[in-house]
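To start, the structure itself, in structure tokens.
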Amino acid sequence: MIYPSIDKLLNIVDSKYELVHIAARRSKQISKNGYLQLPENAYKSKKNIGRALEEVAEGKIIVKKREQ
């Protein structure tokens, strides 16, 4: 996968595992209700998982940091 870059995404999310979890949950939401946070022509990806990652990169999905 070329866009969005993993480096940019890992600046937003702490780990790859958390990123996968967030993207998978958002992808399922898109599949279920069809709601997109950006105009459909603004996405580079045609698949829901790619669109979910683009939303994370654009800051449309807020990732809360957990206190340890």
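The values are calculated or read from the model by the stated rules, or taken from the named source; none is laboratory data. Model, not experiment: these values are computed from the prediction. We place every Cβ from the backbone using ideal geometry, glycine too, and count neighbours over all the protein chains shown.
Couple of notes before you dig in:
- Unmet requirement for Leu9, which otherwise passes all of (1) surrounded by 12 or more Cβ atoms within 10 Å (Cβ to Cβ); (2) part of a helix (DSSP H, G or I); (3) out of contact with any helix residue (DSSP H, G or I) (no Cβ under 8 Å at 6 or more places or on another chain): (3)
- Residue that is surrounded by the most Cβ atoms within 10 Å (Cβ to Cβ), among those in the range 34-68 that are small (Gly, Ala, Ser) and without any contact (Cβ under 8 Å) to a residue 12 or more places away in the chain: Ala42
- Pairs with Cβ under 8 Å, 6+ apart, first in the range 1-30 and free of Cβ contacts under 8 Å to residues at least 24 places away in the same chain, second not in a helix (DSSP H, G or I) and not hydroxyl-bearing (Ser, Thr, Tyr): Ile30/Leu36
- Residue, farthest from Ile62 (Cα to Cα), within the range 12-33, restricted to residues that are of a type in the set (Lys, Arg) and surrounded by fewer than 13 Cβ atoms within 10 Å (Cβ to Cβ): Lys32
- Residue match in the range 17-37 (condition: charged (D, E, K, R), over 13 Å from the mean Cα position of the chain (by Cα) and at pLDDT below 95): no
- Test for Gly59: is it over 13 Å from the mean Cα position of the chain (by Cα) and on the phi > 0 side of the Ramachandran plot: no
- Count of residues meeting criterion [of a type in the set (Phe, Trp, Tyr) and assigned to a loop (DSSP other than H, G, I, E, B)] in the range 12-52: 2
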